[in-house]
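Data block below; observations after.
The values are calculated or read from the model by the stated rules, or taken from the named source; none is laboratory data. Remember, it's a predicted structure, so these values are computed and weren't measured experimentally. Cβ placement follows ideal geometry from the backbone for every residue including glycine, while neighbour counts extend to all protein chains displayed. Accessible surface is based on the protein model in full, side chains and every heavy atom, while ligands, DNA and RNA are left aside. Shrake-Rupley method; radii C 1.70, N 1.55, O 1.52, S 1.80 Å.
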Amino acid sequence: MVSRLLVVHPHLTVKGGSERLTKILVEELSKLGIDIYLVTASTDQEWFSKELSPQVTTLKSSSDVAREMLTVLTAYEPDTVLVMIQEPYYCYIAKRAREEVATCMYVHFPLDEEISEENLEEYTKYSRYPHLTAKCLNYVDKVIVNSRRTGLAVKFLWGFEPYVVYPCIDSKFFSTEPPLGSDREPTILYVGRFTTLKRHDFLALIFPLVKREVPSARLVLTGYVDPRHREYYEHVKAIVDELQDRYRDVELIPSPSEETLLELYHSARVYVHPRIGEHFGLAPLEAMSQGVPVVVRAPTGLAEVIEHGREGYLAWSDYELVKYLIHVLKLSREEWFKLQYAAYLTAQRFHPKTFAEAMLKVLRS
């Protein structure tokens, strides 16, 4: 039985998928009457100013994480600890404080593909300890994953038989009425935290090919500027600045507000997701909820929940991605409306309450 839940996420100032999902889960489980205590090193005021439970501990220093976590665990005495990112070190600390406590980890992918020798020290500053993963896995009781694709990787690398609970999108995407049934200008949108694997620069590279087929096309690149990968944002900015010398239809919007993000979804004709091997991907679902057909680069966990040709298209090569992108921009009103409505309907399945209830079911199993 889960009644007192300690939720851990080390960096809630970074506006990425795991951080938004943590915000949603804390909010929804609180509505379901679960006593929540959140532990983090930092929080973003726009996402976490009102939604959080009153019981929050902010870790003061990455060097004192273990001591501060032990203090919280001893005082709060949770029956379950849920770590919302692949950091089993926090499960190890939990078991040290209370051997009988149940530990669970929500895994987005078992390896953080953005870590390199150059930025590893930055991860430690964000209270992340990937170098301790192998030593701490024995302290994890349950693993939940965001897709069957991630689940396969967890099974092969760690030996766990994980539970699959697909993520959800924020409630604001359901409380806002999207502009369905009205045509839109040929605007291509991509929302992704600025890191190399997200491939914003690839979209800038192919944009001249799109313009050749659809002269009125616009490209909007946006996402959170991650301090750990600032150099990549500067790289993309330089490319966009160069492109704007030839085209006035390329826009770069760093770290958009929630209101701006909604406006961008409402004005886009197609959402494109060029990340290869995406574990799942929340932004395409957000776009779909606002009536935007998607073109998603496969392989991807999203292929488990969307159908090629229904809500958009799955591209199994970069060549196909360009082809489908141009195809959606050129669709007739009637054909585009079919994709739009199908995308909108599919997104309704990923409601915050559904996610919270599925998580709770696994935690209680």
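So the values come out like this:
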| item | result |
| --- | --- |
| Exposure of GLU118 as accessible area (Å², to 10), given a probe of 1.4 Å and all protein chains | 150 Å² |
| Residues with amide H under 5 Å from that of HIS273, placed H, sequence gap 5 or more | VAL295, VAL296, ARG297 |
| Largest-first ordering by accessible area, 1.4 Å probe, given options GLU185, GLU114, GLU251, GLU77 | GLU185, GLU77, GLU251, GLU114 |
| At R0 = 35 Å, FRET efficiency that the Cβ-Cβ distance of GLU231 and HIS131 yields, to 0.05 | 0.95 |
| Accessible area of the chain belonging to carbon and sulfur atoms, whole % at 1.4 Å probe | 51 percent |
| Mean accessible surface per residue for the chain, computed with a 1.4 Å probe while every protein chain stays in place, in Å² | 41 Å² |
| Two-site FRET efficiency, ALA238 against HIS266, from Cβ-Cβ distance with R₀ of 30 Å, rounded to 0.05 | 0.55 |
| Förster radius 51 Å - calculated FRET efficiency between GLU121 and GLU334 (Cβ-Cβ, nearest 0.05) | 0.40 |
| Inter-probe distance in nm under a simple model that places probes 7 Å from Cα toward Cβ, at ARG212 and LYS172 | 4.0 nm |
| Segment 171-273 - Rg and Dmax from Cα coordinates, angstrom | 14.0, 41 |
| Heavy-atom accessible area ranking, 1.4 Å probe, most first, across THR346, THR74 | THR74, THR346 |
| Solvent-accessible surface ranking, highest first, for ARG212, ARG128 at 1.4 angstrom | ARG212, ARG128 |
| Potential extension, ASN138-GLU114 segment - 0.36 nm per residue separation minus Cα distance | 6.2 nm |
| Highest-first arrangement of 188-200, 229-241, 213-225, where packing means the average Cβ count within 10 Å | 188-200, 213-225, 229-241 |
| Solvent accessible area, Å² - VAL8, 1.4 Å probe, full protein context | 0 Å² |
| Nearest-20 debye value, the chain charge dipole, Cβ charges on Lys, Arg, Asp, Glu | 580 debye |
| Segments 148-154, 327-333 sorted - mean Cβ within 10 Å per residue, highest first | 148-154, 327-333 |
